[in-house]
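Peer 1: Following this message is one structure expressed as structure tokens.
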Amino acid sequence: MPERPAPLPWRSPTGSPPPSPNPGRFPVVGGDRPVSGPSRGSASVPVSPASGGPSRGSASVPVSPAPTGPPGPGPSEPGRVPPLGPPISALPAPGDAGPAPAPVAPRRRRRLPVVLAVVLLLVLAGVGVVVTRPGPVAGWLGDDAGSPSNAAGVTPEPNPSDVLAGPDPNAPVPTPDGVRAALDPLVGAAVLGGRVNVSVADVISGQTLFAKGADDGTVPASVTKLATAVTVLAAREPGYRIPTRAVAGAKAGEVVIIGGGDPTLAIDKKGYYPGAARLDDLAAQVRTALGGTTPTSVTVDGSVYSGPVYGPGWDADIPTGGSGGAVTALMTDGGRRDPGVEHGAAARFAEPDLAAGKSFARLLGVPADAVKRGAAPAPAAAGGTPAPGTELGVVQSPPLIRMVDIMISESDNLVAEALARQVALARNQPASFDGGAAAMDAEVAELGLPADEITLSDGSGLSRRNRISPSLLTDLVRLAASPDHPELAGVFGGLPVGGWSGTLDERYRTAPGTAAGAGSVRAKTGTLTAVHSIAGLVTTADGRLLTFAVLTDQVPGGKETAQPALDRIAAALAGCGCR
């Protein structure tokens, strides 16, 4: 059966339970590092059927089908979607301090024509779940061209209602003055601190609607993962799978396992990540390939990665706090000691590559003391049987579009770091923290965006050295929705929905002034001590789709006050026509 991503759990608009159980465990809840309590990992609770609150169902998200037919009209021809609007730096500053100063000469930004389609409807079918995605997405997931058959003969349930209404391209565009009137009182909230940098733009036209420090590099925390998602999908393509290989060693009976950088690799069917490649499958291939030769030792080759295993700028407690861990090319279950742990912070192996090697050795009947690090031999024409370097087996990760979904929905830091290294490998850079960061910066520039507005030290956002401007984040979202880049559509699938899933599951529900964001905001969040951020999409009361980013990195208090203040900003956009 083709690999398909696990679904978001169904929720009835009326709060009634789902008509059939979710057949698998899908990591919908993720998030960012909580800043209090004994462990500072991602918040984690299982998502159960709604018992009330805002209407919520499946998630419709804006992505673009593959371009078909002849090229469209030129930039000045009728029917062409308008390019980006006025540069952010040319807009008046928010506030009531009088006339805006003379505009600074804007940096040149690539113009992004955007046409949106509403796709990715989640459909429950009996005991199975089908994700229907038009265009190239089905191919990236390995789906057949036709609709999947219902082998069990069970009548499919009707589609749940959309969480996000389809964007109306004819809906009125908010005016900058209207948006400023709605947001000015909120962005100045004392609980957000002295640096509140904001960008709001219309997705279809690209018109900038609000800008406050929008081009200023700001510590983004886990919002960094939006850049990681876009750059890895651009560099590697959505259908790429990361291999884990086994080859014959230099000595008879020696098996070398070569990590390719798949953090979702499982030991067996009880793995943490749905649809992961498995070591027991690899071990079965090895035993078949070896024939009568008995495995005697296991060598772990993780040399595709280089450099430190912990990121620069990480807080001292991250390696042991459960939200991060050692980044190695071979690991199982994201380095977790217990793959059955609930989503969020989890104890991790200090040496996940050796831990994975020992699990592989156990499956081959090799004692743990016969596991060591080393390098795979070059293929040889002569030697033992099989010859050194001969491939004995290979297993493949889920496609990158699925891994991006996991990274964003769970805010999975280890998956993020692995994907950043895939950008580096695709660009022939060292697969290290430095190499991944440099490759992501280069990929942003190649996509036509201002690379001077992004400076990275990791791919997860755990590093306090990262800087991203809010305007670059809104540009990334618009680019991902562009028909010019259908390969970037996977960014949207895992974005949490306000009051419904992921890090936004418990937000936009009870905090005063946030209710309008429930079901209307779809965004990635970020949290470090004194750093709180959110960036993504919001549908206005008139049905206009906007992209927004709010980054703060001098917050005086905790998330209990900062997050509702951020949510009020997005909710204000959702609740007004702003004209």
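Peer 1: Quick one: which residue in Ala347, Ala289, Ala316 is without any contact (Cβ under 8 Å) to a residue 12 or more places away in the chain and surrounded by fewer than 23 Cβ atoms within 10 Å (Cβ to Cβ)?
Peer 2: Exactly one residue qualifies, and that residue is Ala316.
Peer 1: Another question about this same structure. Could you please let me know if Thr293 is within 15 Å of Val415 (Cβ to Cβ) and in a loop (DSSP other than H, G, I, E, B)?
Peer 2: No, not satisfied.
Peer 1: Which ones in segment 442-467 are open to solvent by 40 Å² or more (accessible area, probe 1.4 Å) and out of contact with any Ser or Thr (no Cβ under 7 Å at 6 or more places or on another chain)?
Peer 2: The answer is Ala445, Glu446, Asp452, Thr455, Arg464.
Peer 1: For segment 254-270, what are the residues that are surrounded by fewer than 23 Cβ atoms within 10 Å (Cβ to Cβ) and either hydrophobic (A, V, I, L, M, F, W, C) or in contact with a Leu (Cβ under 8 Å, 6 or more places away or on another chain) (or both)?
Peer 2: Matches in segment 254-270: Ile258, Ile267, Asp268.
Peer 1: Inspect segment 402-409 for any residue being buried (at least 24 other Cβ atoms within 10 Å of the Cβ), farther than 23 Å from Gly493 by Cβ, among the aliphatic types (A, V, I, L, M) and at pLDDT 95 or above and give the result as yes or no.
Peer 2: No, every residue in segment 402-409 fails to be buried (at least 24 other Cβ atoms within 10 Å of the Cβ), farther than 23 Å from Gly493 by Cβ, among the aliphatic types (A, V, I, L, M) and at pLDDT 95 or above.
Peer 1: Sticking with this one: Being at pLDDT 95 or above, over 28 Å from Ser411 (Cβ atoms) and not small (Gly, Ala, Ser) is true for just one of Arg245, Arg236, Arg195. Which residue is that?
Peer 2: Of the residues listed, the single one that is at pLDDT 95 or above, over 28 Å from Ser411 (Cβ atoms) and not small (Gly, Ala, Ser) is Arg245.
Peer 1: Given the structure, is Ala214 open to solvent by less than 10 Å² (accessible area, probe 1.4 Å), modelled with pLDDT of 95 or more and not in a helix (DSSP H, G or I)?
Peer 2: Considered against the rule, which asks whether it is open to solvent by less than 10 Å² (accessible area, probe 1.4 Å), modelled with pLDDT of 95 or more and not in a helix (DSSP H, G or I), Ala214 comes out as yes.
Peer 1: Additional query: Scanning for something within 17 Å of the chain's Cα centre (by Cα), under 23 Å from Pro176 (Cα atoms) and touching a residue at least 24 places away in the same chain (Cβ under 8 Å), does segment 488-506 turn up at least one residue?
Peer 2: no
Peer 1: To continue, here is another question. If the Cβ limit is 6 Å and pairs must be 6+ apart or interchain, which residue in segment 461-474 that is in a helix (DSSP H, G or I) pairs with which residue that is modelled with pLDDT under 95?
Peer 2: Qualifying pairs under 6 Å: Ser471/Ile88.
Peer 1: How many of the residues in segment 173-207 are open to solvent by 50 Å² or more (accessible area, probe 1.4 Å) and within 30 Å of the chain's Cα centre (by Cα)?
Peer 2: 5
Peer 1: Within segment 305-361, which residues are more than 18 Å from Asp262 (Cβ to Cβ), modelled with pLDDT of 95 or more and outside any loop (DSSP other than H, G, I, E, B)?
Peer 2: Passing the criteria: only Ala361.
Peer 1: Right, Arg509: touching a residue at least 60 places away in the same chain (Cβ under 8 Å) and either more than 17 Å from Pro167 (Cβ to Cβ) or among the hydroxyl-bearing types (Ser, Thr, Tyr) (or both) or not?
Peer 2: Answer is yes for this residue.
Peer 1: Taking the stated definitions as given, is Thr474 open to solvent by 10 Å² or more (accessible area, probe 1.4 Å), among the hydroxyl-bearing types (Ser, Thr, Tyr) and under 20 Å from Leu573 (Cβ atoms)?
Peer 2: no
The values are calculated or read from the model by the stated rules, or taken from the named source; none is laboratory data. Here the structure is a predicted model, which is why all the values come from computation and not from measurement. Note that we place each Cβ from the backbone using ideal geometry, even for glycine, and neighbour counts take in every protein chain shown. The accessibility values were calculated without ligands, DNA or RNA, using every heavy atom of the protein model including side chains. Shrake-Rupley method; radii C 1.70, N 1.55, O 1.52, S 1.80 Å.
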